[in-house]
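The values are calculated or read from the model by the stated rules, or taken from the named source; none is laboratory data. Not measured: the values here are computed from a predicted model. Because the Cβ atoms are built from the backbone with ideal geometry, glycine has one as well, and the counts that use them run over all protein chains shown. Side chains are part of the model used for accessible areas, which takes the heavy atoms of the whole protein and leaves out ligands, DNA and RNA. Shrake-Rupley method; radii C 1.70, N 1.55, O 1.52, S 1.80 Å.
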2 protein chains.
Amino acid sequence: MSTHLITELFQNKATPGSIVTVKGWVRSRRDSKAGISFLHIHDGSCFDSIQAVLPNTLANYEEELLKLSAGCSVIVTGELVESPGKGQSFEIQGQSVEVIGWVDDPETYPIAKKRHTFEYLRTVAHLRPRTNAFGAVTRVRTALANAIHRYFHERHFHWINTPILTASDCEGAGELFRVSTLDMVNLPKNETGAIDFAEDFFGQETFLTVSGQLNVESYCLAMSRVYTFGPTFRAENSNTSRHLAEFWMVEPEIAFANLHDNADLAEDFLKYLFKAVLNERIDDMTFFTDRINPDAISRMQHVVDKPFERLDYTKAIEILQACPQKFEYPVEWGIDLQSEHERYLAEKHVGAPVIIMNYPKEIKAFYMRLNDDNKTVAAMDVLAPGIGEIIGGSQREERLGVLDARMGDMDHKEALWWYRDLRRYGTVPHAGFGLGFERLLNYITGMENIRDAIPFPRTPKSAHF
Amino acid sequence: MSTHLITELFQNKATPGSIVTVKGWVRSRRDSKAGISFLHIHDGSCFDSIQAVLPNTLANYEEELLKLSAGCSVIVTGELVESPGKGQSFEIQGQSVEVIGWVDDPETYPIAKKRHTFEYLRTVAHLRPRTNAFGAVTRVRTALANAIHRYFHERHFHWINTPILTASDCEGAGELFRVSTLDMVNLPKNETGAIDFAEDFFGQETFLTVSGQLNVESYCLAMSRVYTFGPTFRAENSNTSRHLAEFWMVEPEIAFANLHDNADLAEDFLKYLFKAVLNERIDDMTFFTDRINPDAISRMQHVVDKPFERLDYTKAIEILQACPQKFEYPVEWGIDLQSEHERYLAEKHVGAPVIIMNYPKEIKAFYMRLNDDNKTVAAMDVLAPGIGEIIGGSQREERLGVLDARMGDMDHKEALWWYRDLRRYGTVPHAGFGLGFERLLNYITGMENIRDAIPFPRTPKSAHF
């Protein structure tokens, strides 16, 4: 007798005919008139539950087993047999069932077996991983995260844990969360009457990071290939299905590389990730295709199979101006592309992922490398059909003089003295990009709300659990 | 001609006699009287640099190559040949050297080749990964992190990204960082005159997490095997070599498991990690053994080879009371073990890692499972020779009635309604532990200060870079 995860049984890790034990939670119970009960047991290890066939000759059949309901925890021991029923390869001929934990009042069990809206399930985020959809999201999330680490590790990238707490808003990427231990009821003031952050924990005003990029560049210029993968924060008051106050981001950075190397990395990386998920989690992906978005698998396969198009921003503007489609936002050179433009390009014009490159310098950050035309910078966005932008990146400005001119004011330069240093000591062309982990997970699973792609979502007015 | 990382050349990924290109930073230059220069080039991919032999017949020899200094970035192309010199397997007979980035004023290059104290290097944290020690720490950190993910992934654990922002201080694990977007100069007040956190971003007072454990338990009771691996925060004003305000923690949690399963997991996990580091990064570990701590490799090997002892807390107290050593802190049943006690047990009494189990309930957290003696809880600490505690964990209280009695006051119970729910719906025995990632990295590398185990350390009055 040996204990197995259910996925191991389905993967032939135990011989049919052997006695096995599984431990998990009841998904459903059905009783036949012949005095046999069928229990579906789930342990989270794969999409499918396993069926245990329980004869009424079991000692606790009447007293306990007929009272089992969804959510009860059990340990089932029995013979593993090939299943005569369709849709499952193996089942267990139960020889004993130990009930470990009951469900208080099955009638009010918050996720008792029936359809629930995703909105409702967010109010029971501690229980929603027990549902089909959120179990599947969790497994795909793990497979995807592991594929990310594996991709980089195999290619000699170093995982750099850039700081979460930072004293600078260097990127100007939006509103920041302040982090403090000051007594808010009794704030220390300096001689000018302003709040004296010198008294605060870090001796200066401190925030949650919006990106690890600037920090990771310093490691890139020592280790050649690096990446971050960690939480990032935006205090934007955006109550949309695409915004989280706390989300995870992946940011690779490569030395001796230009924008084309960066685009190649983004394409290779995405294809690797999609292949890995299709390879490792076809059970969950089949569920998403059946229940959430019929294109979930096919559009991933499409991204894997098709070469990504490269398109200059200037060319993209021409295409949008010449196309028959009417846009809400007028198209002219210099605009930031809107979602409607991006989707037209990826879905209608190219019909595959497309990488838009070389944007007007006015709409992009100071650290992006100025092109020779003096009008554009070496920035890129990867757009995918069905979602729009999933990656944004750039070649970084490695020339100190040009960087200084783009940084502008003195305070900025002083705060980023160390970032400027990187351009003074063995500077090299380098490039990188950022990928929002939850947005990618939404794209893969077809789940539409980003709050359903992270275990405990943080959004305006909501930090529950 | 093809471009390689230096580690690939040392790992025989290119044929001797072929023309190769490497891209990296100069570590040193030496000129012979015969008109040949020797350049050591490093790209961060492994501990060793590769030597390029440059004849004075190269076009830019006089004008550029003789001016190269530590830190300059170069692209070197030449024939890969077996090295006649000792200590390196291959070198490059240079055919061209392109200088990509110079060093501004080599005299003042902050990490010009000479010995620097680790304390000094913390002031140039953006450049320290270019040094031998911090390059090695970075590579070992990556290898260790990847081994952690791989260990869990191979065993069907799910990586759960528990929230960083939390509205509760449930663990009471120390002082917290408050996270807010309120205008501190003009704080909103409610009718009682208190600060009105309903106006804050999340609608309530919010903090940085000190542990993902409580949250991850909810996933454990759906997915069976889970872990967290992410940043955690302590606003403790401790200026020691063992404390960071921001550090990374690993927290596995397993269902249908008791304290012994937990101890087995901790032992198997640590052994796996140490084997992986010895296997993947023997180059860096050799450096640490030569330069930082002569026992670095041998004590890791010791942990891998020796079974971990299990020792009851009560028995440990008896041993400490009966032993000849004098302790600063008196030993009696009920005390929390001090570092001196832990080290005695691991180093003198056992001479190997030891797992102390079943501590007095008074000194442990409310969620630890009460033993039948009603005096102790199913807690454990893993102590290792040379460092003391590296893992702390417990079986969790899965019985609602007992948990409620341990939680005490009503506010606590109300705030943790969802945590109590887990005991109402299919509760199972479960257990888990926490491992401080940087402390483990210190132990492995022999680096003594935890500020040297993370890229950009955050400590009281210091959030630079």
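Overview of values
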read-out	value
Amide H contacts under 5 Å for B:E397, placed H, 5+ residues apart	B:M368, B:R369
Summed buried accessible area for B+A [probe radius 1.4 Å, Å², rounded to 100]	9500
Per-residue average of Cβ from other chains inside 10 Å of B:210-220	3
Exam field: A:K413 pseudo-label spacings to other copies (7 Å along Cα-Cβ), nanometres	6.4
Computed P(r) (all Cα pairs; the stretch A:319-454; 10 Å bins; percent)	11, 32, 30, 20, 6, 0
The stretch B:196-334, accessible area per residue, ligands and nucleic acids excluded (1.4 Å, Å²)	40
For B:P16, net neighbour charge (Lys/Arg +1, Asp/Glu -1) across residues whose Cβ lies under 15 Å away	-3
The stretch B:378-383 - phi-based ³J(HN,Hα) in whole Hz, Karplus 6.51/-1.76/1.60, Gly and Pro as x	7, 9, 8, 10, 9, 10
Bins of 5 Å from zero: percent of alpha-carbon pairs in the stretch A:97-231	2, 8, 11, 10, 10, 11, 11, 10, 11, 8, 5, 2, 1, 0, 0
Carbon plus sulfur fraction of accessible area for the protein assembly as shown, probe 1.4 Å, in percent	47
Mean projection area, nm², convex hull over Cα of chain A	28.7
Filter on A:K275/A:K306; A:K271/B:K13; B:K23/B:K275; A:K375/B:K23 - keep pairs with C-alpha separation over 20 Å	A:K271/B:K13; B:K23/B:K275; A:K375/B:K23
Karplus-derived HN-Hα couplings along the stretch A:110-126 (A = 6.51, B = -1.76, C = 1.60, θ = phi - 60°), whole Hz, x at Gly and Pro	x, 10, 3, 4, 5, 6, 10, 6, 4, 4, 4, 5, 5, 7, 10, 4, 6
Label spacing, shortest first and in nm, from A:Q338 to its equivalents in the remaining copies (7 angstrom along Cα→Cβ)	6.9
Using distinct alpha-carbon pairs, which all enter the 1/r mean, Kirkwood radius of the stretch A:375-451 in Å	15.0
Three-way shape call for the stretch A:251-375 based on the alpha-carbon gyration tensor, with the a/c threshold at 1.5	oblate
Amide N of the stretch A:35-51 lying under 12 Å from the label point, which is placed 7 angstrom from the Cα of A:Q11 along Cα→Cβ	A:45-47
Stokes-Einstein D (µm²/s) once Rh is taken as the Kirkwood radius of the stretch A:47-128 over alpha-carbon pairs, at 37 °C in 0.692 mPa s	223
The stretch B:358-465, accessible area per residue, ligands and nucleic acids excluded (1.4 Å, Å²)	30
Rounded FRET efficiency, nearest 0.05, which uses the C-beta distance separating A:E62 from B:T123 and R0 of 60 Å	0.20
Karplus-derived 3J(HN,Hα), 6.51/-1.76/1.60, for each residue of the stretch B:88-96, Hz, glycine and proline x	9, 7, 10, 9, 10, 7, x, 10, 7
Reduction of at least 10 Å² in accessible surface, 1.4 Å probe, comparing all protein chains with the chain by itself, residues of the stretch B:233-277	B:F233, B:A235, B:A245, B:E246, B:W248, B:F256
Complex-versus-alone comparison for the stretch B:112-129, residues with a loss of 30 Å² or more in accessible area, probe 1.4 Å	B:H126, B:P129
Shielding by other protein chains, A:452-464, mean Cβ within 10 Å	6
Cβ-derived FRET efficiency at R0 41 Å, A:Q88 paired with A:N237, nearest 0.05	0.30
Computed [θ] at 222 nm, helices only, for chain A once each DSSP H run of length n ≥ 4 contributes -39500 (n - 2.57)	-8500 deg cm²/dmol
Interface residues, the stretch A:84-110 - accessible area loss of 40 Å² or more versus chain alone, probe 1.4 Å	A:I100, A:D104
Pseudo-label separations to other copies for A:Q301 - Cα-to-Cβ vector, 7 Å, nm	5.3
Accessible surface, the stretch A:2-101, averaged per residue in Å² (probe 1.4 Å)	43
Equivalent ellipsoid semi-axes - Cα gyration tensor, the protein assembly as shown, angstrom	46, 35, 30
Spin-label proximity, B:E154 to the stretch B:267-311 - amide N less than 14 Å from point 7 Å beyond Cα toward beta carbon	B:268-280
Partner chain coverage, peptide A:134-146 - average Cβ within 10 angstrom	4
Descending principal axes extents, the stretch B:292-364, alpha-carbon based, whole Å	37, 24, 21
Quotient of C-alpha Rg and 2.2 N^0.38 Å, computed over the stretch B:2-101	0.96
Listed residue pairs exceeding 23 Å between alpha carbons, taken from A:K326/A:K348; B:K315/B:K413; B:K33/B:K67	B:K315/B:K413
